[in-house]
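Shown next, in structure tokens, is the structure this report addresses.
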């Protein structure tokens, strides 16, 4: 990820504003496009998950292969808070985020002094442990049958009460959360903390010798990422009205890795979102022709890793660079100052 | 009291011996390449599924094999599966090695992502062909069933599995220690620069070791299938002892790997005696504990894994 | 009292003893050199002095404070900077961003999550100043991995300088450089000499002896000779060994 010259003192960039505007109108035209509102909900929820995940993979360069655990913890916590505490939307979301954050914090204690394969193995082991508990702890999680009858709690804003049972209203709620997460993370990756993450990815030793407390930074980003994943998980549980253990499986944790990388998470802030689009559109379009669409996506992922690890975002950048050179050949090519696209 | 634990211990030993097959293959590969192949577990699973297909019967491929094949006695079909499936998996294993070549001089992160992707693709292929339902691998009646000894019920199959695994381990040992090719592999595991300097074709060696290692994993998968059941993600648990062996620094130590695998197996076996539902979880906790404590784990010399 | 002092350092890895009774005293603003054949323990010595390894025995004092066994990041925070022989730059970053990352002001903000770094003029200006001082002013915007080798070496030092250290450790700064590169580096070090304390490992004896105030010779993990360049030129051991290829 190259630093962005467009990190502005204003809250949002033109790109973000355009995207949000576009997304705000989705329910109006999505059916005409041959799709359905719930897809919009899924895209946004997975985007939140992927953006949070990419902090660890794309920005800090840490291969977390067990992130599904935090998504799942968020989902279950949302449901359990709803049944066990109170059916209040804000409370349940908070419970989910806190639970996932706690899980992430605990795991971060074990993984923060590592990188590479050890990091990966530990995250896999923890992911499996969480998944195991979710399956076997029948009394709490419902085991393989899952946690059912999770309700879409209404938004209580004091004066108003918005019911979220329809997919369209749920979409707007998720959209609001997405917008906040998007803006928050955009500012984060362009801040000193974000720079430090990227520096750690490029050369952790150097960062240590420059006087940074690298362990704490890694622990912090991992915990934050877990919290965001948990938030996504909670929204997911609400959207699906249930929570199942399989989101914590190694296989599902693999999905988020693949999406994020294919989209270009290693080089671009938008990579994860692009990846989510690619994944869900593959599911819905190729999925109509074959149930083995995941296999093809996996093959695509392997191809990307081998031949274009910069992913789709990288391809877009190459195309726009080539176009820029073609249309203004007189200009000296200044080495890419990545506009965060 | 202790006596009642015996069947669990036998289970543990059986598991441990089979884990050792997986771990040995894994170790040889890691030793030569200093890269961990996360797809090893999926190849273990693939072995079991292919055996399922070859034995025929109710599997997805069964109907395509034709009546003649099915009329053969189960023992013949099973033996055929035991030979053919691992060989097929070895071919796939070599395919993975070829894919990995591009990642050798890049950031190790790419090798990890690649083998992780390969594992996902393999598992997806399995799901696509066989779906996610549970299958049962039919075994010849001579090794199935149980018997009673000293008032306890024992499973015949576990003894067969243990015996088979032990024999296989012994054969692997003989191969590594007593044959010239084995010596080259051993040397390569310790110092692949040296091997290249000796004029040995490193890439062909890698290919062979990959084939050999994955063949062992597939064999273990076939033998373990009747004990664990056949599910798409059955391979994940099977490689944990292999990871553990690597983390403990067992590359190059044949019997070290076997002992570590046996310990894992016993852990599961014993856990099975007290909390059978949670027994598999124990090896993940063990992996976490070992990886955490083992600060400078691997290889003695600083290795590429040390990052 | 010396700014930096190492007393009776002893370092072993397993059963291998790599450093034995190594003493080092560096006064403020002195340019100290460390020489020795390959495998003598110079780099290990460096790593111990800069906190990468904890010495098995001995004491290290920096500005009057005992820093033995402190983590590298704490030592760095106290004003010790080092460069690396095998270059450790942030390859994807521009030269400017490499230096920015090293600035103390940036480090002080490391936990700020809501401040657009790229638009911070002060940071870029400070970074550009450092780049200018090593001759990279014109290439501030070039990505580190696209810089030619000589520039990367200069950047390596720039990053170490950026943290405004009290003492600068240079690990074989001329490594891999050709004649032009060496001259450039020598001029840079001449400019730095006297403005801060420098400790350098070097194989280029001509260069080091022309810059250093004092030099220590490490062989077999021990300091076998120490003194000014003139004294060492006269030292019989130094003359006898391969190192004595000096006029």
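The values are calculated or read from the model by the stated rules, or taken from the named source; none is laboratory data. These figures come from a predicted structure and were not determined experimentally. As a convention, Cβ positions derive from the backbone with ideal geometry for all residues, glycine included, and neighbour counts pool all protein chains shown.
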Residues (under 20 Å from residue A:57 (Cα atoms) and either more than 9 Å from every other protein chain (Cβ to nearest Cβ) or surrounded by fewer than 21 Cβ atoms within 10 Å (Cβ to Cβ) (or both)) located in the range A:268-298: A:268, A:269, A:270, A:271, A:272, A:273, A:274, A:275, A:276, A:277, A:278, A:279
query: Taking into account only those residues within the range B:39-61 that are modelled with pLDDT under 90 and under 30 Å from residue A:302 (Cα atoms), which is surrounded by the most Cβ atoms within 10 Å (Cβ to Cβ)?
result: B:52
message: Out of B:128, B:118, I need the residue that is facing chain A (nearest Cβ under 9 Å), crowded, with 22+ Cβ neighbours inside 10 Å and more than 30 Å from residue B:73 (Cβ to Cβ). Which one?
response: B:118
query: If only one of A:170, A:231, A:235, A:185 is under 30 Å from residue A:28 (Cα atoms), facing another protein chain (nearest Cβ under 10 Å), buried (at least 22 other Cβ atoms within 10 Å of the Cβ) and out of contact with any strand residue (DSSP E or B) (no Cβ under 9 Å at 6 or more places or on another chain), which one is it?
result: A:185
- line: Going through (1) within 14 Å of chain A (Cβ to nearest Cβ); (2) closer than 17 Å to residue B:82 by Cβ one by one, residue B:139 fails only at (1)
Residue A:116 within 13 Å of chain B (Cβ to nearest Cβ) and over 23 Å from residue A:75 (Cβ atoms): yes
- prompt: Regarding residue B:275, is this residue without any contact (Cβ under 8 Å) to a residue 24 or more places away in the chain, crowded, with 18+ Cβ neighbours inside 10 Å and either in contact with a strand residue (DSSP E or B) (Cβ under 8 Å, 6 or more places away or on another chain) or assigned to a helix (DSSP H, G or I) (or both)?
  reply: no
- request: Select from the range C:56-78 the residues that are surrounded by fewer than 23 Cβ atoms within 10 Å (Cβ to Cβ) and touching a helix residue (DSSP H, G or I) at 6+ places or on another chain (Cβ under 7 Å) and write down the one among them that is farthest from the other protein chains (Cβ to nearest Cβ).
  value: C:67
query: What about residue A:115, is it at pLDDT 90 or above, more than 19 Å from the chain's Cα centre (by Cα) and under 26 Å from residue B:108 (Cβ atoms)?
result: no
field: Residue identified as at the interface with chain C (Cβ under 7 Å from one of its Cβ atoms) and either over 22 Å from residue A:77 (Cβ atoms) or at pLDDT 95 or above (or both) among A:220, A:226, A:199
entry: A:199
From C:94, C:119, residue being facing another protein chain (nearest Cβ under 9 Å) and out of contact with any helix residue (DSSP H, G or I) (no Cβ under 9 Å at 6 or more places or on another chain): C:119
Residue in the range C:120-143 that is under 30 Å from residue A:182 (Cβ atoms), free of Cβ contacts under 8 Å to residues at least 60 places away in the same chain and in contact with a strand residue (DSSP E or B) (Cβ under 6 Å, 6 or more places away or on another chain) present: yes
query: residue C:86 passes all but one of (1) more than 9 Å from chain A (Cβ to nearest Cβ); (2) out of contact with any helix residue (DSSP H, G or I) (no Cβ under 6 Å at 6 or more places or on another chain); (3) in a helix (DSSP H, G or I); which number fails?
result: (3)
- prompt: With B:183, B:168, B:187 as the choices, which residue is under 24 Å from residue B:48 (Cβ atoms) and part of a helix (DSSP H, G or I)?
  reply: B:168
message: It is to be established whether one or more residues within the range C:130-141 are within 17 Å of the chain's Cα centre (by Cα) and either farther than 24 Å from residue C:172 by Cα or surrounded by fewer than 18 Cβ atoms within 10 Å (Cβ to Cβ) (or both).
response: yes
query: Restricting attention to the range A:206-217, and to residues there that are within 12 Å of residue C:71 (Cα to Cα) and in a helix (DSSP H, G or I), which single residue is farthest from the other protein chains (Cβ to nearest Cβ)?
result: A:215
- request: Within the range A:56-76, identify whether any single residue is surrounded by fewer than 24 Cβ atoms within 10 Å (Cβ to Cβ), over 13 Å from the mean Cα position of the chain (by Cα) and closer than 19 Å to residue A:16 by Cβ, and answer yes or no.
  value: no
- line: Counting only helices (runs of 4 or more DSSP H) wholly inside the range C:103-181, the ones holding at least 1 residues that are farther than 28 Å from residue C:3 by Cα are C:121-133, C:149-162
query: Any idea which of (1) within 18 Å of residue C:166 (Cβ to Cβ); (2) assigned to a helix (DSSP H, G or I) is the one residue C:28 doesn't satisfy?
result: (2)
query: Tell me, which helices (runs of 4 or more DSSP H) lie completely within the range A:102-193 with 3 or more residues that are touching a helix residue (DSSP H, G or I) at 6+ places or on another chain (Cβ under 7 Å) and farther than 30 Å from residue C:104 by Cβ?
result: A:116-136, A:167-189
Subset of the range B:241-282 [within 27 Å of residue B:4 (Cβ to Cβ), within 9 Å of chain A (Cβ to nearest Cβ) and within 17 Å of the chain's Cα centre (by Cα)]: B:280
- request: Considering each of B:220, B:187, B:183 in turn, give the residue that is buried (at least 19 other Cβ atoms within 10 Å of the Cβ) and either farther than 28 Å from residue B:127 by Cα or touching a residue at least 40 places away in the same chain (Cβ under 8 Å) (or both).
  value: B:220
- prompt: Here are A:100, A:96, A:105: which of them is closer than 23 Å to residue A:156 by Cα and modelled with pLDDT of 90 or more?
  reply: A:96
